[in-house]
1. What is the gain in length, in nm to one decimal, between residue 21 and residue 56 on full extension, counting 0.36 nm per residue of separation less the C-alpha to C-alpha distance?
2. Give, in nm to one decimal, the length gained when the segment between residue 35 and residue 7 is fully stretched (0.36 nm per residue of separation minus the Cα-Cα distance).
3. With a 1.4 Å probe and all protein chains left in place, how much accessible area per residue does the chain have, in Å²?
4. Based on DSSP H runs of at least 4 residues, each adding -39500 (n - 2.57), what is the mean residue ellipticity at 222 nm of the chain after dividing by all its residues, to the nearest 500 deg cm²/dmol?
5. Of the peptides 18-30, 60-72, 2-14, 36-48, how do they stack up when ordered by the mean number of other Cβ atoms within 10 Å, highest first?
6. Please work out the ratio of the alpha-carbon Rg of the chain to 2.2 N^0.38 Å and round it to two decimals.
Amino acid sequence: MSTRRVVVTGMGILSPVGNDIDTAWENIREGRSGIRRVSEIDPTELETQIAGEFRDFDVSGCIARREARRMGGVVRAGVGASVGGGGGGG
């Protein structure tokens, strides 16, 4: 058995219902859905045209613009969420 300890120093969220704890929790409590028509790509050729996308996600506070351009959206979201970035509401 390990004797290592973990300390949680904060909480963050990056989700279709909000990009900060307060906004996400308020939207969840109010029953607001993060599922909407896809906006990141043109979904007209897709069978399903709805999804839970991150909205108003701004990674510029934690990743240099040049680096962010080289990353895919999922990678930007992962890096942004891991360093506490995100900004914006849902």
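The values are calculated or read from the model by the stated rules, or taken from the named source; none is laboratory data. Keep in mind that this is a model prediction, so the values were computed, not measured. Note that each Cβ is placed from the backbone with ideal geometry, even for glycine, and that neighbours are counted across all protein chains shown. Accessible surface areas use protein heavy atoms only, side chains included; no ligands, DNA or RNA. Shrake-Rupley method; radii C 1.70, N 1.55, O 1.52, S 1.80 Å.
1. 11.2 nm
2. Length gained, residue 35 through residue 7: 6.8 nm.
3. Per residue, the chain has 78 Å² of solvent-accessible surface.
4. It lands at -7500 deg cm²/dmol.
5. In decreasing order of mean packing, 18-30, 60-72, 2-14, 36-48 become 18-30, 60-72, 36-48, 2-14.
6. Normalised Cα radius of gyration, the chain: 1.29.
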